[in-house]
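There's a structure below that I have some questions on.
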Amino acid sequence: MQLTYPKAPSNGVQTLRPALQAALQTQGFGINRQFANATANKISLSEAYRGYSLSLEDVSQGKGLKDAKLGDWHYLVFSDGVTIADAQLADVRGHVEFSSLNHGAMAAATVGALKLAEQSPQLQGKTAELRVLFVSAIHLVAIWLHADGEDVLIPIEPTPKELAVTQVYSEAALLALLKPAANQAKQRFDADTSGLLGS
């Protein structure tokens, strides 16, 4: 399998560098050990890829990936070849700005999913664009490999294991699996009169 990437923002890396250097200097609470031990001169970044999202309404109404909304740019952050974070840039009025730095399980899980995809017989010899899909209301994060005529999804951490396990799914199979959880969550949101759910 060969990965392709969308045309990245020309100043993406320059925008990220100061934010990464500041994060490395503070090494604050909650940062994983590998990130805390990283040094700026050993940091490297992956190619940029896009995040997409489907809403609770989308999933419960049976909408598919073609309805996914375009989101942030994502870069995997490596130190000495080890994935230590997922850095994000947001499109703001025609240019990119630093959005967030996630040093939880997502970055390593992304690499794990790509290794799984490389071993998948259905992806052998194919070319796919790397994307990441979020359905925030049910805590789904999935690597989305977008190829002509076929989309493949691999749920990754922090997706709850009872929702979907880390394996290769077709679009139809994963969305069918998510629909009951989306319907349940939607019923809870619709029944909530406090206005606090989802805030």
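Taking H as built 1.01 Å from N, whose amide H comes closer than 5 Å to the amide H of A38, not counting residues under 5 places away?
Long-range HN contacts for A38: none found.
What percent do you get for the relative contact order of the chain when only Cα pairs under 8 Å and 6+ apart count?
21 percent
Next question. What shape does segment 64-154 have by the C-alpha gyration tensor, where a ≥ b ≥ c are the square roots of the eigenvalues, rounded means a/c under 1.5, and otherwise prolate means a/b greater than b/c and oblate the rest?
Oblate, because a/c is 1.5 or more while a/b does not exceed b/c.
Quick one: P(r) of segment 2-191 from all Cα-Cα pairs, 5 Å bins, percents rounded to integers, in order of increasing distance.
1, 7, 16, 19, 18, 16, 11, 7, 3, 0, 0
Determine ³J(HN,Hα), in whole Hz, for all residues of segment 73-81 in sequence, where each value follows from phi through the Karplus function 6.51 cos²θ - 1.76 cosθ + 1.60 and θ = phi - 60°; x replaces Gly and Pro.
7, 10, 10, 7, 9, 10, 10, 6, x
Tell me which residues come under 5 Å, amide H to amide H, from I84 once H is placed; ignore anything under 5 positions away on its chain.
V77, F78, S79
Would you calculate, for the chain, the mean residue ellipticity at 222 nm contributed by helices, counting each DSSP H stretch of 4 or more residues as -39,500 (n - 2.57) and dividing by all residues, to the nearest 500?
Value at 222 nm, helices only, nearest 500: -9500 deg cm²/dmol.
Just round it to a whole percent: the fraction of Cα-Cα distances in segment 1-95 exceeding 20 Å.
49 percent
Turning to a different aspect of this structure: Counting only DSSP beta bridges with both residues in segment 2-191, tell me the antiparallel percent, nearest 5.
DSSP beta bridges in segment 2-191 are roughly 85 percent antiparallel.
Length gain on complete extension for the stretch A147 to K42, per 0.36 nm per residue less the alpha carbon to alpha carbon distance?
Going from the current span to full extension adds 34.5 nm.
I would also like to ask the following. What are the ³J(HN,Hα) couplings of segment 129-139, residue after residue, when phi is run through the Karplus curve with 6.51, -1.76, 1.60 and θ = phi - 60°? Round to Hz, x for glycine and proline.
7, 6, 9, 10, 10, 10, 10, 4, 4, 10, 6
To make sure I understand the rule: partners must be lysines, Cα under 27 Å from the Cα of K126, and not fewer than 8 residues away in the same chain. Which ones qualify?
Straight-line reach from K126, under 27 Å: K7, K63, K66, K69, K115.
Hey, another quick one. Given charges of +1 on the Cβ of Lys and Arg and -1 on the Cβ of Asp and Glu, with all other atoms neutral, how large is the dipole of the chain about its Cα centre, in debye to the nearest 20?
260 debye
Between L177 and V13, what is the label-to-label distance in nm when each label sits 7 Å out along the Cα-to-Cβ direction?
Spacing of the two 7 Å Cα→Cβ label points: 3.6 nm.
Another one. Under 5 Å between amide hydrogens, which residues at least 5 positions from L140 or on another chain qualify, with H placed 1.01 Å from N in the peptide plane?
V135
Bear in mind that the values in this text are calculations on the coordinates, not laboratory data. Not measured: the values here are computed from a predicted model. Because the Cβ atoms are built from the backbone with ideal geometry, glycine has one as well, and the counts that use them run over all protein chains shown.
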